[in-house]
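Report on one structure; see the data block that follows.
The values are calculated or read from the model by the stated rules, or taken from the named source; none is laboratory data. All of these numbers come straight from a predicted model, not from anything done at the bench. Note that each Cβ is placed from the backbone with ideal geometry, even for glycine, and that neighbours are counted across all protein chains shown.
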Amino acid sequence: MKQYHRHHPWRLENGLFIPHAYPKPRKLSWWDDVGFILNGRRVMVWWIHPRMKYADAIGDLAWKEAGEPPLHGADLFEPSEKQWKKVGRSRKRVVAYRSHRMPDSQQDYYKKLHTIEKRLESEGIDLVVRPSMSAKTVSWCTGISLCVPADIRNKEEIGALVALAKQLIKGEKTLADEFPGYQYGRRDWLSEADLRNHDREQVD
């Protein structure tokens, strides 16, 4: 990892590798990535809020309830239709590709899936998410998967997340110390419905 870092330097901003921009703050935070250097090695923090894990579980449950999707029609596996344009008198070249239309059975399935997902979102599900952290080593970095309640809306707040991650890695703090008794469940999810709708409207 040290060798990789020497030969492929990061662009750091105040000691942090920040791959995402923060143009418009939202009411709710969901996930983010950030990197830093510790003892000459790269560390990547892959952070999610407990509400993100809860939302992912809703998605998984919706897929399970919807059942297996219909088999793709054979035409979906055929190459897209080429769109040609004449170049000179006798030549032509491809200028675009037109995809095949999704079969009605597929469209009906995804409408059903969307309806189930909306219902589960409005009702909530029986799930409790607690703070968690795991680490793994890959060829170019140490990866930290971190699930903690935090607001990440700007570079200052991502810096605070890195400070927490460093303390956890070094054993100076534990999740139990930092978030005693914290859990995210149905009541939290339902209480944030208006905030989720607000953020969706901002995106639209």
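Given Thr174, Thr115, which one is modelled with pLDDT of 95 or more and out of contact with any helix residue (DSSP H, G or I) (no Cβ under 8 Å at 6 or more places or on another chain)?
Thr115
With the structure loaded, tell me whether Val148 is closer than 21 Å to Asn39 by Cβ and either in contact (Cβ under 8 Å) with a residue 24 or more places away in the chain or touching a Cys at 6+ places or on another chain (Cβ under 7 Å) (or both) or whether it fails that test.
no
Is it the case that the stretch 148-168 has a residue that's small (Gly, Ala, Ser) and farther than 26 Å from Lys24 by Cα?
No, because not a single residue in the stretch 148-168 is small (Gly, Ala, Ser) and farther than 26 Å from Lys24 by Cα.
Report whether or not Ile152 is outside any loop (DSSP other than H, G, I, E, B) and under 17 Å from the mean Cα position of the chain (by Cα). Break it down into steps so the answer makes sense when it comes.
Details: outside any loop (DSSP other than H, G, I, E, B): no; under 17 Å from the mean Cα position of the chain (by Cα): yes.
Considered against the rule, which asks whether it is outside any loop (DSSP other than H, G, I, E, B) and under 17 Å from the mean Cα position of the chain (by Cα), Ile152 comes out as no.
Taking Arg93 as the residue in question, decide whether it is at pLDDT 70 or above, more than 30 Å from the chain's Cα centre (by Cα) and more than 30 Å from Leu175 (Cβ to Cβ).
Judged against the criteria, Arg93 is a match.
In the list Lys136, Lys111, which residue meets the criterion of being on the phi < 0 side of the Ramachandran plot and within 20 Å of the chain's Cα centre (by Cα)?
Selected residue: Lys136, the only one of Lys136, Lys111 that is on the phi < 0 side of the Ramachandran plot and within 20 Å of the chain's Cα centre (by Cα).
Within the set of pairs 6 or more residues apart or between chains, which connect a residue that is under 11 Å from Tyr184 (Cα atoms) and exposed (fewer than 11 other Cβ atoms within 10 Å of the Cβ) inside the stretch 122-141 to a residue that is of a type in the set (Gly, Ala, Ser) and at pLDDT 95 or above with Cβ atoms less than 9 Å apart?
Once the first residue is under 11 Å from Tyr184 (Cα atoms) and exposed (fewer than 11 other Cβ atoms within 10 Å of the Cβ) and sits in the stretch 122-141, its partners that are of a type in the set (Gly, Ala, Ser) and at pLDDT 95 or above give Asp126/Gly185.
Considering only residues that are in a helix (DSSP H, G or I) and closer than 16 Å to Asp126 by Cα, which ones fall in the stretch 173-204? Quick ask: steps written out before the conclusion?
Of the residues in the stretch 173-204, the ones in a helix (DSSP H, G or I) are 175-178, 186-191, 193-203.
Hits for the stretch 173-204 are Arg186, Arg187, Asp188, Trp189, Leu190, Ser191.
Which members of the stretch 17-50 meet the condition of being over 17 Å from the mean Cα position of the chain (by Cα), among the aliphatic types (A, V, I, L, M) and surrounded by fewer than 19 Cβ atoms within 10 Å (Cβ to Cβ)?
Residues satisfying the conditions are Ile37, Leu38.
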